[in-house]
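The next block holds one structure in the form of structure tokens; read it before the comments.
The values are calculated or read from the model by the stated rules, or taken from the named source; none is laboratory data. Everything numeric here is computed off the predicted structure, so don't read it as measured data. Using ideal geometry, Cβ is built from the backbone for each residue, glycine included, and neighbour counts are taken over all protein chains shown. These area figures cover heavy atoms from the full protein model, side chains too; ligands, DNA and RNA do not enter into them. Shrake-Rupley method; radii C 1.70, N 1.55, O 1.52, S 1.80 Å.
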Amino acid sequence: MKIFGLIGKSGTGKSFQAIGLCEREGIECIIDDGLFIKKGTVLAGMSAKRQATKVGAIKTALFSSDDHRDEVADAIAKTVPEALLVIGTSDRMVDQITERLGLRPVDERVYIESLTTEDERRLAKYRRNELGQHIIPAPTLEVKRDFSGYFLHPLKILKDIRDGRALATERSVVRPTFSYFGSFTISDIAIRDIVRITADGMADIAGIHSVFVRKRQDGVIIDIGIIVLAGRPILEAAHEFQVAVRENIENMTAMFVIGADIVIEDLSWPETAS
């Protein structure tokens, strides 16, 4: 297994450039901020970007926890990639990560200055320091559950057109609001209100009977009892409502909806003229 190191100061765009580098060099897997990623799929680890303090983030990125280290080391051993990219803020950090994970020394080192211009690095620092944006070299769908409570958006990158086709890759932009712009919490009442407002906008849903919210570290589970208009396609109406609730809660609160369980509690019969 050939080990590459991608090295650059914090906020200079290493994670953004990582996918392009992997494609050019034929690198299958990435170690970035505590995550082990293979071709856009997170196979193991936990992200340093979830940590509430800088010290916690550094410890996570360096695999200080034995359980974290063992999980990622085992995943690498099972995957057996031909090439692996380790991302770090310095040569020393990259060497510490490879040593901690029981990997061979770095074979080739790539510095961010060789991949980007000064203006690009300045823009990357602005996004990090002023907007609180971090890039994860994996699609949003892959990391959505792990970043419940964070504002997370996909970033699609159009690549070279080959054989008449436009190819694109996706990275994820995450903004841990509590770390950069103060802490925030989402009350159960706010979630219930979103559910009720969603129901008000759907013609087949006559009302909400009950809403129960269960919060977990990786997201939220919502149990909803609904009243459906009689004579309408009941299951179809319930499914459309379920999808709408999930989308609205995730868009408005940044919380990952683990489950939106719908129970049809009653039917409402439309009034008819006598």
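So which residues in segment 172-194 are open to solvent by less than 30 Å² (accessible area, probe 1.4 Å), at pLDDT 50 or above and touching a Leu at 6+ places or on another chain (Cβ under 8 Å), if there are any at all?
Residue satisfying the conditions is 174 alone.
List every residue pair whose Cβ atoms sit under 9 Å apart, with the two residues 6 or more apart in sequence or on different chains, where the first one lies in segment 243-271 and is touching a residue at least 12 places away in the same chain (Cβ under 8 Å) and farther than 14 Å from residue 197 by Cα and the second, anywhere, is of a type in the set (Asp, Glu) and part of a loop (DSSP other than H, G, I, E, B).
256/218; 258/218
List pairs: first residue in segment 92-111 and at negative phi and among the basic types (Lys, Arg), second residue open to solvent by less than 60 Å² (accessible area, probe 1.4 Å) and part of a helix (DSSP H, G or I) anywhere in the structure, Cβ distance under 8 angstrom, at least six positions apart or on different chains.
Qualifying pairs under 8 Å: 100/69; 104/98; 109/91; 109/94.
In segment 109-121, which residues are charged (D, E, K, R) and loosely packed, with under 13 Cβ neighbours inside 10 Å? Don't jump to the end; show me each part of the working.
To start, the set of residues in segment 109-121 that are charged (D, E, K, R) comprises 109, 113, 118-121.
Correct list: 118, 119.
Looking at 57, 48, 44 in this structure, which one is touching an Asp or Glu at 6+ places or on another chain (Cβ under 6 Å), free of Cβ contacts under 8 Å to residues at least 40 places away in the same chain, under 29 Å from residue 119 (Cβ atoms) and of a type in the set (A, V, I, L, M, F, W, C)? Write out each step before concluding.
Values: 57 fails: touching an Asp or Glu at 6+ places or on another chain (Cβ under 6 Å); 44 fails: under 29 Å from residue 119 (Cβ atoms).
Just one listed residue meets the conditions, 48.
Rundown of residues vs (1) under 22 Å from residue 186 (Cβ atoms); (2) acidic (Asp, Glu); (3) within 27 Å of the chain's Cα centre (by Cα), yes/no style:
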position: 207; (1), (2), (3): no, no, no
position: 210; (1), (2), (3): yes, no, no
position: 216; (1), (2), (3): yes, no, yes
position: 229; (1), (2), (3): no, no, no
position: 245; (1), (2), (3): yes, no, yes
position: 251; (1), (2), (3): yes, no, yes
position: 257; (1), (2), (3): yes, no, yes
position: 261; (1), (2), (3): yes, yes, yes
position: 266; (1), (2), (3): no, yes, no
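Being outside any helix (DSSP H, G or I), farther than 18 Å from residue 85 by Cβ and at pLDDT 65 or above is the filter here, so list the residues in segment 99-138 that pass it. I'd like the intermediate steps shown before the answer.
Filtering segment 99-138 for residues outside any helix (DSSP H, G or I) gives 101-111, 115-117, 130-138.
Next, from what is left, pick out any that are farther than 18 Å from residue 85 by Cβ: 117, 130-133.
Scanning segment 99-138 gives a single hit, 117.
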